[in-house]
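Beneath this line is the structure, given in structure tokens, with notes to follow.
Computed from the coordinates by the stated procedures, all read-outs in this text should not be read as laboratory data. Keep in mind that what you see is a predicted model, and the values were worked out from it rather than measured. Because the Cβ atoms are built from the backbone with ideal geometry, glycine has one as well, and the counts that use them run over all protein chains shown.
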Amino acid sequence: MSAEQQKVIDEFISTKTLPKHVDDHFVNSIKALLQGFEPVVIDTEDIVAKLDELGPCDVATFKNKLSSIVESYVKGKDTAKLRIVVKRNEK
């Protein structure tokens, strides 16, 4: 990522708003930032169904089971290059 692209990303992060004009430079900066990352898309209905199966449990058990659910989505992948995306089905 170039210094100019980094500046655009830093400004976006600090302001938490899109620029008034989203130009090619902004889009290319975002693409450069995300290059090399692999999305792991988790369907909301799927994860909610898995959470429903847990039943009542204490906090430690819930955390462990939730960790196991996440692990099932990322198993065998380089977690340093993954980004989890929870996506709702369009109806």
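Place a point 7 Å from the Cα of I9 along the Cα-to-Cβ direction; which residues of region 19-62 have their backbone N under 13 Å from it? Only 26-37 pass the distance filter. Can you bin region 37-91 into rounded, prolate or oblate? Criterion: square roots of the alpha carbon gyration tensor eigenvalues sorted a ≥ b ≥ c, rounded for a/c under 1.5, prolate for a/b above b/c, oblate for the rest. Because a/c hits 1.5 or more and a/b fails to exceed b/c, region 37-91 counts as oblate. Relative to the current alpha-carbon distance between R88 and C57, full extension at 0.36 nm per residue lengthens the span by 8.6 nm.
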